[in-house]
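What follows is a set of notes on a single structure, which appears directly below.
The values are calculated or read from the model by the stated rules, or taken from the named source; none is laboratory data. These numbers come from a predicted model, not from an experiment. To get the accessible areas, we keep the full protein, side chains included, count just its heavy atoms, and leave off ligands, DNA and RNA. Shrake-Rupley method; radii C 1.70, N 1.55, O 1.52, S 1.80 Å.
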Amino acid sequence: MWAEQMGERLQENNEDLTSAYDHLDLLNQQNAALKIEAEKYRKQAGRNAVIGFGFAGVGFGVGTPLLIQGIQTDNQTMLWSGAGTIIGTTGIWLLGHYLFQWW
């Protein structure tokens, strides 16, 4: 009787251990897939930062002086050219990033 109970407990423990190893294998596979995905997102974030910085540099680097000079000299063409440059480059970046998912 005692030997049978010990045998049953040993069998249950072996089944639980087998189930735990199967679950551990599944977790290892999921971990590997998540590491690959995280690396992809890290590379994508670096590329997105360079592209975003480029658009912001061009847009604000060209648009801000035009905007300021247009205000100082009361030149509507310069003012709207500067504002349009800033809005245009920001719009292109937003469309490319969120709508078309280019970067």
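Considering only alpha-carbon pairs that sit under 8 angstrom and 6 or more positions apart, the relative contact order computed for the chain is 21 percent. Computed from Cα atoms, the angle from the helix 2-72 axis to the main principal axis of the chain rounds to 0 degrees.
Using 0.36 nm per residue and subtracting the Cα-Cα separation, the extra length available between E37 and S19 on full extension is 3.8 nm. Treating the angle as unsigned and between 0 and 90°, give the value, to the nearest 10°, between the Cα long axis of helix 76-94 and the longest Cα principal axis of the chain. That helix lies at roughly 10 degrees to the long axis. Computed with a 1.4 Å probe over protein heavy atoms only, the accessible surface of the chain comes to 80 Å² per residue.
Rounded to the nearest 500, what is the chain's calculated 222 nm mean residue ellipticity when only DSSP H runs of at least 4 contribute -39500 (n - 2.57) each, over all residues? Kindly include the intermediate steps, with their values, before the conclusion.
Values: 2 runs with 90 residues, N = 103.
About -32500 deg cm²/dmol.
Assuming 0.36 nm per residue, please report the length gained on full extension of the stretch I71 to V50 beyond their Cα-Cα distance.
Details: separation 21, 0.36 × 21 = 7.56 nm, distance 3.09 nm.
Taking I71 through V50 to full extension adds about 4.5 nm, to one decimal.
Between the labelled values (i) 67, 10, 9; (ii) 18, 16, 15; (iii) 34, 14, 8, the entry that holds semi-axes √(5λ) of the Cα gyration tensor in Å as derived from this structure is (i).
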